[in-house]
Amino acid sequence: MHLIIDEENCSACEKCITVCIRDALKLEGDHVVEVDESNCFDCGQCMAVCKTGSIRLKIYQDQEDRIEEYNQREIPISYEDYIQFLKQRRSCRWFLKRRELSSEDYEKLFEAAYYSPTAQNMQDVEFVVIKKDLDEFLNHIYDIIKVEEDEYFRIAQFGDYLKHPENYKYNPFLWEGKELILTFAKDPMDAIIASTRVELAGYTLGLGGFYSLFISKADRINHDKLMEFFPEIDPDKHMYSVYIIGYPRVSFKRTIPHKKIKVNYK
């Protein structure tokens, strides 16, 4: 059983039953009960909708302090503010060299990912911060992706940079970046959504960054070899996002137009 139900406080309004997509609840007399051997997957919809606060999820008994009452009609930000926020976000490759992210910065970033949705409520997203092992990691990545250096000049350039960094002003993959956030999950959308929330949270903290196409290639080229660097992570998970992050040293002054979004209605 997944739920703790206060039967005396339950008003039998049946709202919890109407939002449960697994038919895990039923009305029994004057209160709701969980169905024996229910197919509940701890989504929490019943708990969130309950008017009397009579439902709790057993799995989250140690996180009662995170439960907050709110009025869904009172949205914290307006649509206009949200769009303006998105307009001002830009990819950033130039960073302050002497300012690193603090542990508090990372805690705030991952707090944003804490509330990220996942398919089937799997909540299996994991992050890895690459910082002190950066050089070792980059060499490991190159050993994997070098098979495509004939196709991509940037990969060949990266390999040369690793051998002769004195010949380069910037890292061809990271530019001035020194800190990476890698996102792992079994489902690509789970990782992408979570990493996007981290990225946008970073912007609210005055941080910036960009996603690396070439580093993320490593997982597609040779997943097993990549995961040798991460023995602590379930090998069934994939590295779907690589985000280079830092404190920007360049300030932007205006928004830039994008290509028009194509939308088809059928």
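Computed quantities for the displayed model
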{"read-out": "Subset tally (residues that are aliphatic (A, V, I, L, M) and within 12 Å of Ala185 (Cβ to Cβ)) for the range 105-122", "value": "3"}
{"read-out": "Selection from the range 10-26 of residues that are polar (S, T, N, Q) and surrounded by 13 or more Cβ atoms within 10 Å (Cβ to Cβ)", "value": "Ser11"}
{"read-out": "The lone exception for Glu37 - which of (1) out of contact with any His (no Cβ under 8 Å at 6 or more places or on another chain); (2) of a type outside the set (A, V, I, L, M); (3) surrounded by 13 or more Cβ atoms within 10 Å (Cβ to Cβ); (4) in a loop (DSSP other than H, G, I, E, B) it fails", "value": "(3)"}
{"read-out": "Of the criteria (1) of a type in the set (Val, Ile, Thr); (2) surrounded by 17 or more Cβ atoms within 10 Å (Cβ to Cβ); (3) in a loop (DSSP other than H, G, I, E, B), which one Val250 fails", "value": "(2)"}
{"read-out": "Selection count, the range 223-266, where residues are over 23 Å from the mean Cα position of the chain (by Cα) and more than 21 Å from Trp175 (Cα to Cα)", "value": "15"}
{"read-out": "Where Glu111 falls short, out of the listed (1) surrounded by 13 or more Cβ atoms within 10 Å (Cβ to Cβ); (2) in contact (Cβ under 8 Å) with a residue 60 or more places away in the chain; (3) within 20 Å of the chain's Cα centre (by Cα)", "value": "(1)"}
{"read-out": "In the range 183-241, residue surrounded by the most Cβ atoms within 10 Å (Cβ to Cβ) [restricted to those that are among the acidic types (Asp, Glu) and farther than 22 Å from Tyr115 by Cα]", "value": "Asp219"}
{"read-out": "Flag if Cys50 is surrounded by 12 or more Cβ atoms within 10 Å (Cβ to Cβ) and without any contact (Cβ under 8 Å) to a residue 60 or more places away in the chain", "value": "yes"}
{"read-out": "Failed criterion for Glu149 (all others in (1) more than 21 Å from Phe210 (Cα to Cα); (2) loosely packed, with under 15 Cβ neighbours inside 10 Å; (3) of a type in the set (D, E, K, R); (4) free of Cβ contacts under 8 Å to residues at least 40 places away in the same chain hold)", "value": "(2)"}
{"read-out": "Residue list for the range 117-142, restricted to those being assigned to a helix (DSSP H, G or I) and surrounded by fewer than 15 Cβ atoms within 10 Å (Cβ to Cβ)", "value": "Ala119, Gln120, Asn121, Asp135, Glu136, Asn139"}
{"read-out": "Given (1) surrounded by 15 or more Cβ atoms within 10 Å (Cβ to Cβ); (2) out of contact with any strand residue (DSSP E or B) (no Cβ under 8 Å at 6 or more places or on another chain); (3) within 22 Å of Trp94 (Cα to Cα), index of the condition His164 fails", "value": "(1)"}
{"read-out": "Test for Leu182: is it of a type in the set (A, V, I, L, M), out of contact with any Leu (no Cβ under 6 Å at 6 or more places or on another chain), farther than 22 Å from His238 by Cα and touching a residue at least 24 places away in the same chain (Cβ under 8 Å)", "value": "no"}
{"read-out": "Some residue of the range 27-34 being part of a loop (DSSP other than H, G, I, E, B) and surrounded by fewer than 10 Cβ atoms within 10 Å (Cβ to Cβ)", "value": "yes"}
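The numbers here are math on the coordinates, done by the rules we state, and not lab data. Small disclaimer: the values here were computed from a predicted structure and weren't measured. A quick note on method: Cβ atoms are made from the backbone with ideal geometry, for glycine too, and the neighbour counts reach across all protein chains shown.
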